[in-house]
Amino acid sequence: MDASDWNARYLAQPDAWGTTPAARIVAEVTNAEDHGLAVGTAIDLACGDGRHARWLAAHGWDVTAVDFSEVAIEQARAKDSDEGRSGHVDWVVGDATTWSPAEQVDLVVIGFLHLDPDALTRVISEAGRWLRPGGHLVYLGHAPENLARGVGGPQDPTVLPTVADLARGAADLEVVSLRHDLRPAGQATAVDVLLHARNWERR
């Protein structure tokens, strides 16, 4: 799907992913903070309508949230408010496969970005270079095993990353966690794949 396809999808179904962040992303970021990651600057890459970016900002992060769908970014801006929170979100229209930040950051979150494996591996590898010493990267997506054993998510197996695909993307990083993650989805269970990695360099 290109940007125009996603624009049409967001117009047809606002809040397609709900308004709350993925519990696993929340858990991994919180775990990283509990083990020394200081709240600072973050990138929410392929942010959609911004549920993860808003959660990060509510917890003090200054976030650059990037998505190639202009409609998703417009919807995200409309939902956003700095009132009552210490963090801020800068909403940016940009392609996850080509965009890059001007400066390194403390955290990169990539939630449910699905590309062909080589493209996704390149995105993760490049995002790892955006991390400051001690910075963390979290990727969460639907696993190919979800097609036979789970529910929901893309039904195209060519855009569902394996654990091995994510390992290739994290080749230059210290892997904190790399695994399948089972997630309740109504009466069923979804099968996700999780990568949590960090910069080898320490502050």
| task | Read phi for every residue in segment 154-165 and hand back ³J(HN,Hα) as whole Hz from Karplus 6.51 cos²θ - 1.76 cosθ + 1.60, θ = phi - 60°, with x for Gly and Pro. | result | x, 9, 9, x, 6, 10, 9, x, 8, 4, 5, 4
| task | Please report the orientation-averaged projected area of segment 19-58, defined via the convex hull of its C-alpha atoms, in nm². | result | 2.8 nm²
| field | Among beta bridges that DSSP assigns inside the chain, antiparallel share in %, nearest 5 | value | 45 percent
| field | Candidates 69, 100, 86, ranked by Gaussian network fluctuation over the chain, Cα under 10 Å, top entry | value | 86
| task | Please provide three numbers in whole Å: the alpha-carbon extents of the chain along the principal axes, with the largest listed first. | result | 43, 37, 33
| query | So how exposed is residue 103, as accessible area in Å² (1.4 Å probe, rounded to 10)? | reply | 130 Å²
| field | Kirkwood Rh, Cα atoms: Rg over Rh of segment 1-117 | value | 0.95
| For residue 95, what is the net charge nearby, where nearby means another residue's Cβ is under 13 Å from its Cβ and Lys, Arg count +1, Asp, Glu -1? | -3
| Gyration tensor over alpha-carbon atoms, segment 65-160, equivalent ellipsoid semi-axes in Å | 25, 19, 13
| field | Length gained when the stretch residue 98-residue 163 is fully extended (0.36 nm per residue, less Cα-Cα span) | value | 21.1 nm
| query | Highest GNM mean-square fluctuation, the chain, Cα pairs closer than 10 Å: which of 52, 35, 142? | reply | 35
| request: For segment 102-158, evaluate the Debye formula with one uniform point scatterer on each Cα (no solvent term) and list log10 I(q)/I(0) at q = 0.20, 0.22, 0.28 Å⁻¹, rounded to two decimals. | output: -0.77, -0.86, -1.12
| Using the heavy atoms of the protein chains alone and a 1.4 angstrom probe, what is the accessible area of the chain per residue in square angstrom? | 47 Å²
| field | Length-normalised contact order of the chain in % [C-alpha pairs under 8 Å, at least 6 apart] | value | 18 percent
| Using 7 Å Cα-to-Cβ label points, what is the residue 9/residue 90 separation (nm, one decimal)? | 2.7 nm
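The values are calculated or read from the model by the stated rules, or taken from the named source; none is laboratory data. This structure is a prediction, so every number in the text was calculated from the model and none was measured. Using ideal geometry, Cβ is built from the backbone for each residue, glycine included, and neighbour counts are taken over all protein chains shown. The accessibility values were calculated without ligands, DNA or RNA, using every heavy atom of the protein model including side chains. Shrake-Rupley method; radii C 1.70, N 1.55, O 1.52, S 1.80 Å.
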